[in-house]
Amino acid sequence: MISVTEALLGRHSTRAFLDRPVEADLVRDIIDIARHAPSSSNMQPWRLAAMAGDDLARLKAAVRQSLTVQPMGEGSEYKIYAEHLKEPYNGHRRKCAEDMYGTIGIPRENKFGRLMQFARNFDFFGAPVGIILSIDRSMEPGQWADLGIFLQSLLLLAQERGLATCPQAAWAAMHKTVRAHLGLPDELMVYCGISLGYADPAHPINGLITDRAPFAQVAELRGFAVAAVEPA
């Protein structure tokens, strides 16, 4: 198996998948190990549903029906982005979008083309496994951080086993349809979806490697006896 470093550096958001099923035992194994992710006071505030086959097809059909009535979605129960996103964060977000659409030749002025690509979120980009991650709505920001640790654990475990993933906040905007399909209790809030499967290596969108802010922009080393050489 690959190292944690290799998994982290090799993982990226995959938006085109092969029509190749993933064995249930493999999905179960990834989730079972991810359960050991740390959380504040061991509260483990996450809940997860993994779908494949006919069950996944029924959810996607229900979402398509909902989108014919509400093309902009059902509205997320939490703010995915800050209302007035400042720099450098807004710049990072805009460049990511431009680079992604650029891989498939959709310019900014092609609004319809971009909308159609965005709508592929709700097909899990053709992945054979769709995952919905939820959190108890009574949780505070500290437990939302725990949820992120659990999510990252899932992504890296999948990468270790040769699978590709794409975490998708877009699924929060279809929470009513997701809730009805999964029978989620009221106390659970839909946080995101995750596409899981085998990447299509021939699709140009999977060639996107997003930029990372330089070390000095996100971190500083203080109090060390010997100055460390900062990574590029």
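Multiplying the residue separation of GLU187 and LYS60 by 0.36 nm and removing their Cα-Cα distance gives an extension gain of 43.4 nm.
Label sites at SER138 and ALA219, each approximated as a point 7 angstrom past Cα along Cα to Cβ, lie 3.7 nm apart. Between LEU67 and TYR89, the C-beta separation translates, for a Förster distance of 25 Å, into a calculated FRET efficiency of about 0.30. Taking the Cα centre of the chain as reference, the dipole from Cβ charges on Lys and Arg (+1) and Asp and Glu (-1) amounts to some 560 debye. Shown here: Kirkwood radius over Cα pairs in Å, derived from the displayed model; of the candidates (1) 19.3; (2) 17.6; (3) 18.0, it corresponds to (1). Membrane-span-like helices of the chain, defined as complete DSSP H segments with a Cα extent of 27 Å or more along the helix axis and a mean Kyte hydropathy of at least -0.5, are identified as 141-160. Residues MET1, MET100, ordered by accessible area of protein heavy atoms at a 1.4 angstrom probe radius and largest first, appear as MET1, MET100.
Here the dipole of segment 1-113 is about 360 debye; that uses its Cα centre as origin and unit charges on the Cβ of Lys and Arg (positive) and Asp and Glu (negative). Extension gain, SER3-ASP25: 0.36 nm per intervening residue step, less the Cα-Cα distance, totals 5.7 nm.
Taking the 1.4 Å solvent-accessible surface of segment 1-138 as the whole, the part contributed by carbon and sulfur is 55%. Among the trypsin sites (Lys or Arg not before Pro) found in segment 1-89, those both in a DSSP coil and sparsely packed, with 13 or fewer other Cβ atoms within 10 Å of their Cβ, are ARG35, LYS79, LYS86.
Go ahead and set up a Gaussian network model of the chain, Cα springs under 10 Å, then flag whichever of ILE131, ILE104, ILE194 fluctuates most. Between ILE131, ILE104, ILE194, it is ILE104 that shows the largest mean-square fluctuation. By the rule of a C-alpha distance below 28 Å, with chain neighbours fewer than 8 residues away ignored, the lysines paired with LYS60 are LYS79, LYS111, LYS176. Listed by chain and number, the aspartates and glutamates whose alpha-carbon sits under 20 Å from that of LYS95, ignoring those within fewer than 8 places in the same chain, are GLU83, GLU87, GLU109, ASP211. On a per residue basis, segment 126-232 carries 49 Å² of accessible surface, using protein heavy atoms and a 1.4 Å probe.
The values are calculated or read from the model by the stated rules, or taken from the named source; none is laboratory data. What you see is a predicted model; the values in this text were computed from it and never measured. No Cβ is skipped: glycine too gets one built from the backbone with ideal geometry, and neighbour counts run over all protein chains shown. Just so you know, the surface numbers come from the protein's heavy atoms only, side chains and all, with ligands and any DNA or RNA stripped out. Shrake-Rupley method; radii C 1.70, N 1.55, O 1.52, S 1.80 Å.
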